[in-house]
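The next block holds one structure in the form of structure tokens; read it before the comments.
The values are calculated or read from the model by the stated rules, or taken from the named source; none is laboratory data. The shown structure was predicted, so the numbers you read here are calculated from the model rather than taken from an experiment. Don't worry about glycine lacking a Cβ; one is built from the backbone with ideal geometry, like all the others, and counts go over all protein chains shown. Only protein heavy atoms, including side chains, enter the accessible area calculation; ligands, DNA and RNA are left aside. Shrake-Rupley method; radii C 1.70, N 1.55, O 1.52, S 1.80 Å.
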Amino acid sequence: VQQSTPTKVNNTTAPRADGWQQPHGDMAKLITVFGATGTQGGSVAYALLEDPDFKVRAVTRNASSDKAKALQEKGAEVVEASFDDPSTLGPALQGAHGVFVVTNYWEYKDKDREVEQGKAIADAAKAAGVLHVVFSGLESAQKLTGIPCPHIESKAEIEEYMTSLELPVTFVRYSFYYENFLTEMKPQKQEDGTYILGVPMEGAALEIVSAADMGPAVRTIYRNWARWVRRSAALSGDRLTVQQMADILSKHLAPKVFKASDMTTEAFGQLGFPEADDFSKMFKFLQVYTPARSVETTRQLHPAAKNFDTWVAENREALENSLD
């Protein structure tokens, strides 16, 4: 899969001045969004709902949840389906022009199960004749560096399977989330009152992005399907060292002081929580190989994409409330 080089597709109408290309008539295109009550899928669903050229079918396992009801109130069709039950996937894709797919390794921490889920939705999209699949994937750390990282390899294997089916697919590859500082990687308070960012990058810079901010970028990909089909889009809002991130947090959350951890990836892997080994391999991969992420490409897709400084300023209260 190459990056961002326009490709020629037959049987399309001439593009409008704003870049929108209608392949089959002028009706609003239906996009089925899996994971629509999650961070990535929710951002995509809400961005599409703001655009009259699209209709949204939001897929969830619990249509009565508050998040599902909120999507319904915004105009989404809400349906129940599960990657673990392939019989539910066909109906969720019926009549859809496009589908957004995000799988969740962390729910079961089971690489093989995630790959099977990805294959199931790929098969269903092929059978349904979906014209534009957008999958939240990743490149293979194992193949690029020899570092096996289960939650990365599962996404890479799904990408390979979708490619083997010759699906009209775009792979969107997200960077490390800003939102991780509110959850799994929230700063840890030290005895001296300072806070440590426990991201073991050992001085290397890290590509980072707000997962909740990328819906408009994905919407642009759907609007320009002829350009992006069988391509990858590498999403990044900023590229910073962990100390630079700490300095930004210190600026906005003063008088609190934040510092980068001096922990190695090897030491991180020995911390004992369930994800520690997987995370340590991810950070080692990100140290030795810089994935092809592009702030420039991301801003072309979504000019208002937030850098880390802007995101921290806008989420100051949530960050304050997450701290011990």
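Figures for the structure shown
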read-out	value
Long-range amide H partners of V172 with built H, under 5 Å	F135, S136, G137, A233
Sequence-distant residues sharing a close amide H with F258 (under 5 Å, placed H)	Y195, S250
Computed E for S322/T163 - FRET, C-beta separation, R0 51 angstrom, nearest 0.05	0.85
Among R219, R230, R299, residue whose mean-square fluctuation peaks in a GNM of the chain (springs only between Cα atoms under 10 Å)	R299
Within straight-line cross-link reach of K29, lysines at Cα separation under 16 Å, skipping those fewer than 8 residues along the same chain	K55
C-alpha center-to-center spacing [the stretch 244-288, the stretch 68-109] in angstrom	33
Selected from S65, S175, S140 as most flexible by GNM, with the chain as the system and alpha-carbon contacts under 10 Å	S65
Full-stretch length increase - D84, M27 - with 0.36 nm per residue and alpha-carbon distance subtracted	17.3 nm
Relative contact order (percent, whole number), the stretch 42-148, Cα cutoff 8 Å, 6+ residue spacing	21
Proximal charge balance of P200 [Cβ under 10 Å; K/R count +1, D/E count -1]	-2
Packing-based ranking, highest mean first, of 37-48, 101-112 given that Cβ atoms within 10 Å are counted	37-48, 101-112
DSSP-defined antiparallel bridges as percent of all bridges, the chain, nearest 5	15
Per-pair calculated FRET efficiency, R0 = 56 Å: E50 and E202 via Cβ, rounded to 0.05	0.85
GNM top mover of Q190, Q243, Q142 - the chain, alpha-carbon springs below 10 Å	Q190
By accessible area with a 1.4 Å probe, ligands and nucleic acids excluded, highest first: order of L144, L286	L144, L286
Spatial separation of Cα centroids for the stretch 152-187 and the stretch 124-149, in angstrom	7
Structure-derived Cα extents along the principal axes in Å - corresponding label in (i) 60, 43, 33; (ii) 63, 41, 37; (iii) 68, 49, 39	(ii)
